[in-house]
Amino acid sequence: MSRVDVDVELLDRTPRVATSFATGVATGLGRPGARGELPGRRLVLPGVRQDLPRLAGFCEVTGGLLADTVPATWLHVLTFPLQVRLMSARDFPFPMLGMVHVGNRMRVHRPVRVSEELTLSTWAEDLAPHRKGSTVDLVGEVRVGEELVWEGRSTYLVRGDTPPGAPRGEVSEAMGDADAGGSPDGAGAAARAAGPGRQVALWRLPADLGRSYARVAGDANPIHLSALSAKAFGFPRAIAHGMWTHARVLAAVQPRLPQRYAVSATFVKPILLPSTVVLRTGGQGLGDLAVTDREGSRRHLSMQVDGPL
Amino acid sequence: MPDQLTDAVILGGNRIPFGKAGGAYADASNQAMLTSTLDGLVARFGLAGERLGEVAAGAVLKHARDFNLTREAVLGSALAATTPAYDLQQACGTGLETVIQVANKIRLGQVDSGVAGGVDSASDAPIAVGEGLRKALLGASRARTPMARAKALAAVRPGDLAPETPRNAEPRTGLSMGEHQALTAREWGITREAQDELAAASHHQLAAAWDAGFFDDLATGFLRLSRDEGLRPETSVDKLAGLSPVFGKGEGATMTAGNSTPLSDGAALVLLGSPQWAAEHRLPALARFVDAEVAAVDYVSGDEGLLMAPAYAVPRLLARQGLTLDDIDRFEIHEAFASTVLATLAAWESEEFCTGRLGLDGPLGTVDRSRLNVHGSSLAAGHPFAATGGRIVATLAKMLHDLGPGSRGLISVCAAGGQGVVAILEGC
């Protein structure tokens, strides 16, 4: 995934997400969309010391246990401000507000300790057609010194905007049935399929979960914060952060995760808050995981863990 | 059940460096520290996916939600989920008592292996609501109508809203442990200088052990700590002499923050097994668990000092084993306070105490100070209550292994409630 010819924009501090949101909203109009080009820049932030109290809060909100090695989803959270900065910048082709996080992949090359100082980097690539529009990947890396310890790839969907020349109906490989729009009946087959069969946990998600997660993860997208702010964006109630659900599942299987692994998650249908959901597994071992409603008729998240690498 | 008891051997241990209350582990729960310590032990001995006989641990300051603390730690660790676990609590004696329990089950052949120890956090201590508010909330939860619920809650008075934090005080006497010990220190005439000397030695010897790499296979760094946070290698008797007394009152008060253990956070675990299990897992035995004794004293009536129970337990244990203090190569006497150690040593040297209280013919004897807490103890390491036993057992087992087969070590831990837990190990 490396691109040799990219420019590097060296950051000296973590970009403020709120500032990026404001820039994104203020400059969202008139962007070229799928006809445009992704910025070639790579944002790099060296010298990142991890914030222990915030990590403890993250673990608490996502049902994990504070340990010396940090959750993979925590490293995603650290790179998130860089993603937002890149997506809100004027040279990004899409307006940020319409972008929906539909899938996420991570590779953990080795356990990362909370005491380690990190270099984060993020760039955009793979603008691809999707049956509902286009997808773009925000790619992240975490290094300790020169050593690559974590890779992440967040796939965002821009609805109704297909790159020119792309045959409509060609579906981006990983995120086939993603439909974060929340329409109850128009979902793909995966949303209805019960998927992995065995229920292994039941979670009651409180109405303020989005606010709790936003505090520790720094993602204060209004669709997660309150019913009122979510309504403004077409959701009947606030929806859980997809990455919260992802982190909650990883925390649940943490004791069985190998040291080096890859994990891929697809955010199928949003979870309206408050809600009760269940974690299902395909059987022995990790393999396939899914978060569904209690009846198992509506799938919110599909996840696959591969490892040890 | 086998006709003959099998041996229980100590194979090693793992602890995290101990933190100061409100320090490096301020954000870590008991659950987090115990699970990480267990995972460190599992990694060190290659036990991932193994079903062990049992895991026994405990915490003194414990949240109600942590009723199954140790089992939850097992489920959160790399051990097989089929490993049973239970919680045990005997104040500061918790860690050593869990070792005794697991060792006894191994000796009886009921289990072939086990992990024992404990954890405590003074930083993440539970805070309870005041009694008035608690009763009102319980009443409201039992109420069947909104009116009845409102009435129950209306009983709350502003004063009920103040939370109750756990106090380091004996319920029956209202005195803190330090205040109790100040009475004992005065009774035995333990000088300020002797206490400060013991404290300085504890820091210097623990620092030397860390420097020499002694703890490399006994501890795993955790959350930015790679050594005990309260360790002061540069301290001295002169520096300690400058501190003001905090326990006891007025003229003759000798106990300071420097010669008393600080409130601490941490966890420590010990791996035990039968010799056969150890051989099957190619793990060398460090020491054999020989025997243990627990004594209790009547401190409530003032008949004896709160922390003097080990002074009774050790002579009983030695007598049962046919040993004297001279047969012991290493003494590990938990430094709740420097004066606790010194009062215990003084008692064993006292003819009056040993004949009057213990029923011996004369003094028990003198502890060779060069054999006492040779790698430091709780004054320097800190004392997360339930973790101390595990720290001491693993440390002593390794020391005895280094001394060679047949070497003997004695552990003495005083505990709240006027109890004392003591044990003897023998080097392998």
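Each reported figure results from applying straightforward, stated rules to the coordinates on display, with no laboratory input. Values in this document were obtained by computation on a predicted structure and should not be read as measured data. Every residue, glycine among them, receives a Cβ derived from its backbone with ideal geometry; neighbour counts consider all protein chains shown.
Both radii are taken from the alpha-carbon atoms of the range B:239-393; with Rh as the Kirkwood radius, Rg/Rh is 1.00. A straight Cα-to-Cα reach below 27 Å connects B:K151 with the lysines B:K135, residues fewer than 8 places away in its own chain not being considered.
Under conditions of 25 °C and 0.890 mPa s, the protein assembly as shown yields 85 µm² s⁻¹ as its translational diffusion coefficient, taking Rh as the Kirkwood radius over Cα pairs in the Stokes-Einstein equation.
Within 10 Å of each Cβ of A:45-57, how many other protein chain Cβ atoms are there on average?
Counting Cβ atoms of other protein chains within 10 Å of each residue's Cβ and averaging gives 2.
Per residue of peptide B:26-36, the mean number of Cβ atoms on other chains within 10 Å of the residue Cβ is 4. In terms of the mean number of neighbouring beta-carbon atoms within 10 Å, the peptides B:229-237, B:16-24 order highest first as B:16-24, B:229-237.
In terms of its alpha-carbon gyration tensor, the range B:168-232 comes out oblate; a/c meets the 1.5 threshold, while b/c is at least as large as a/b. In the distance distribution for chain A, Cα-Cα pairs more than 26 Å apart total 43 percent.
Going by the alpha-carbon gyration tensor, a ≥ b ≥ c the square roots of its eigenvalues, is the range B:1-134 rounded (a/c under 1.5) or, if a/c is not under 1.5, prolate (a/b greater than b/c) versus oblate? It is prolate, given that a/c is not under 1.5 and a/b is the larger ratio. Which of the lysines could a cross-linker bridge to A:K269, judged by Cα under 26 Å and excluding same-chain residues fewer than eight apart? In chain and number order, the partners are A:K132, A:K231. Each listed q (0.13 Å⁻¹) maps to a log10 I(q)/I(0) for the range B:338-400, found by the Debye formula over equal Cα scatterers with no solvent: -0.48.
Using only alpha carbons, the range A:1-172 has a radius of gyration to Kirkwood radius ratio (Rg to Rh) of 0.98. Bridging of B:K398 to lysines at a Cα separation below 24 Å is possible for B:K105, once same-chain residues fewer than 8 apart are set aside. Take each residue of peptide A:102-115, count the partner chain Cβ atoms within 10 Å of its Cβ, and average: the result is 1. Scaling the Cα radius of gyration of chain B by the globular reference 2.2 N^0.38 Å produces a ratio of 1.01.
The Cα center of the range A:280-309 and the Cα center of the range A:90-110 differ in position by 22 Å.
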